[in-house]
Ligand SMILES: Cc1cc2nc3c(=O)[nH]c(=O)nc-3n(C[C@H](O)[C@H](O)[C@H](O)COP(=O)(O)OP(=O)(O)OC[C@H]3O[C@@H](n4cnc5c(N)ncnc54)[C@H](O)[C@@H]3O)c2cc1C
């Protein structure tokens, strides 16, 4: 059974769903990317079959290089065999050149992709609904009865419960003390004139072509915020980025915000409650839910069903150990 109220501004619904193998100013390989990318791709393809809708699109990422130092870094990575599957020796900006202001150079990352996370949630929700597996409500911790071996929640009983609440886990009485951070991000949905390029563009921020012909433009990282709603300050920042990048007129269609479930050490949070052996957590996907979600959900499922050990790097016990 899934208990979920179907809120609108959750991280997964606001995210671009980018799978980006090469990140950071120094162009490093994203953590565990060699394992995560093939697993994620296969999982989304399987989900496409289950749900009968397209969810995953391979799209290269064009990355603007602003100066000779950045170009040098990029070129030196190209010579590293570990990076070879993820970088093209030559980039082809194609139609982007007519949409953006002149840039120093481009690099092009491959094995990247875009997951339609909001579409996945919409269709998967419908699937669990038709299989009578959805309780459309906020989970009320007070109603969880732990008095016997089986857990009881209202009219339902279960062997175990897994909390997957994104950044709201900090309010969870069982797991509220883990070192969550929570990075708010805001995005604009815009339209641009003319035919759409196929590739994603990383130029100060991301411009991601959407299936409906519009573009996802974002995002920023805000560490102090009052709530998860869009703000005029971030809208102004996003518009500033668009003005810096584009050389064509644009129209703003929508403005959204959500909070990423980031963790102090930037690693997922999987594991069991230290006192209650049938209460679990799956969280901490941070800025990379699209790539990390499938692999670690599978890892969690193996732990729950086959008792295979949790990788210590993602096990919440890494924090218990530090406290003692
Ligand atoms: C602006 C932005 C851009 C992003 N871009 C990318 C990207 O391009 N690529 C990428 O990989 N990642 C991206 N991310 C990060 C990604 O969105 C997250 O890693 C991922 O969505 C986290 O998923 P989650 O299910 O843990 O959390 P969420 O998506 O926040 O979902 C939490 C769920 O828990 C439910 N919930 C919470 N509390 C309760 C309760 N008490 N009872 C019942 N249900 C509850 C909520 O309703 C929600 O459905 C982005 C995030 C943001 C905000």
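The values are calculated or read from the model by the stated rules, or taken from the named source; none is laboratory data. Please read all numbers here as calculations on a predicted model, not as lab measurements. FYI the Cβ positions are ideal-geometry reconstructions off the backbone, even for glycines, and counts take in every protein chain you see.
Out of the stretch 1-18, which residues are more than 6 Å from the ligand (Cβ to nearest atom) and either buried (at least 16 other Cβ atoms within 10 Å of the Cβ) or under 15 Å from residue 137 (Cβ atoms) (or both)?
Those that are more than 6 Å from the ligand (Cβ to nearest atom) and either buried (at least 16 other Cβ atoms within 10 Å of the Cβ) or under 15 Å from residue 137 (Cβ atoms) (or both): 1, 2, 6, 13.
Could you tell me whether the stretch 222-231 includes any residue that is within 10 Å of the ligand (Cβ to nearest atom), in contact (Cβ under 8 Å) with a residue 60 or more places away in the chain, outside any loop (DSSP other than H, G, I, E, B) and surrounded by 15 or more Cβ atoms within 10 Å (Cβ to Cβ)?
Scanning the stretch 222-231, I find no residue that is within 10 Å of the ligand (Cβ to nearest atom), in contact (Cβ under 8 Å) with a residue 60 or more places away in the chain, outside any loop (DSSP other than H, G, I, E, B) and surrounded by 15 or more Cβ atoms within 10 Å (Cβ to Cβ), so the answer is no.
When residue 177 is evaluated against the numbered criteria (1) more than 15 Å from the ligand (Cβ to nearest atom); (2) at pLDDT 95 or above; (3) surrounded by 11 or more Cβ atoms within 10 Å (Cβ to Cβ), which criterion, by number, is the only one it fails?
In the conditions (1) more than 15 Å from the ligand (Cβ to nearest atom); (2) at pLDDT 95 or above; (3) surrounded by 11 or more Cβ atoms within 10 Å (Cβ to Cβ), residue 177 misses (2) alone.
Given the residues 245, 263, which is the only one that is crowded, with 17+ Cβ neighbours inside 10 Å and more than 15 Å from the ligand (Cβ to nearest atom)?
245
Can you pull out every residue in the stretch 19-30 that is in a loop (DSSP other than H, G, I, E, B) and either on the phi > 0 side of the Ramachandran plot or within 12 Å of the ligand (Cβ to nearest atom) (or both)?
Of everything in the stretch 19-30, those that are in a loop (DSSP other than H, G, I, E, B) and either on the phi > 0 side of the Ramachandran plot or within 12 Å of the ligand (Cβ to nearest atom) (or both) turn out to be 20, 21, 24, 27, 30.
Conditions first: (1) free of Cβ contacts under 8 Å to residues at least 60 places away in the same chain; (2) closer than 29 Å to residue 291 by Cβ; (3) in contact with a strand residue (DSSP E or B) (Cβ under 8 Å, 6 or more places away or on another chain). Residue 87 passes all but one, so which condition is the exception?
It fails just one condition, (1).
Listed residues 185, 194, 213, 176; which is within 22 Å of residue 267 (Cβ to Cβ) and assigned to a loop (DSSP other than H, G, I, E, B)?
The match here is 176.
Right, residue 125: outside the structural domain of residue 216 (by TED's automatic domain parsing), within 11 Å of the ligand (Cβ to nearest atom) and in contact (Cβ under 8 Å) with a residue 12 or more places away in the chain or not?
Working: outside the structural domain of residue 216 (by TED's automatic domain parsing): yes; within 11 Å of the ligand (Cβ to nearest atom): yes; in contact (Cβ under 8 Å) with a residue 12 or more places away in the chain: yes.
Yes.
Of all residues in the stretch 145-161, which are surrounded by 18 or more Cβ atoms within 10 Å (Cβ to Cβ) and within 12 Å of the ligand (Cβ to nearest atom)?
Answer for the stretch 145-161, where residues must be surrounded by 18 or more Cβ atoms within 10 Å (Cβ to Cβ) and within 12 Å of the ligand (Cβ to nearest atom): just 161.
So the check is Cβ under 8 Å with 6+ separation or different chains; which pairs have a first residue in the stretch 288-302 that's farther than 15 Å from residue 266 by Cβ and touching a residue at least 12 places away in the same chain (Cβ under 8 Å) and a second one that's part of a helix (DSSP H, G or I) and within 7 Å of the ligand (Cβ to nearest atom)?
290/117
Right, residue 49: within 16 Å of the ligand (Cβ to nearest atom), out of contact with any helix residue (DSSP H, G or I) (no Cβ under 6 Å at 6 or more places or on another chain) and in a helix (DSSP H, G or I) or not?
Spelling it out, it is not the case that residue 49 is within 16 Å of the ligand (Cβ to nearest atom), out of contact with any helix residue (DSSP H, G or I) (no Cβ under 6 Å at 6 or more places or on another chain) and in a helix (DSSP H, G or I).
Can you tell me which of 62, 121 is touching a helix residue (DSSP H, G or I) at 6+ places or on another chain (Cβ under 7 Å), surrounded by 14 or more Cβ atoms within 10 Å (Cβ to Cβ), modelled with pLDDT of 95 or more and outside any helix (DSSP H, G or I)?
Values: 121 fails: outside any helix (DSSP H, G or I).
Going through 62, 121 in turn, the sole match is 62.
Can you go through 106, 39 and tell me which one is crowded, with 17+ Cβ neighbours inside 10 Å and not in a strand (DSSP E or B)?
39
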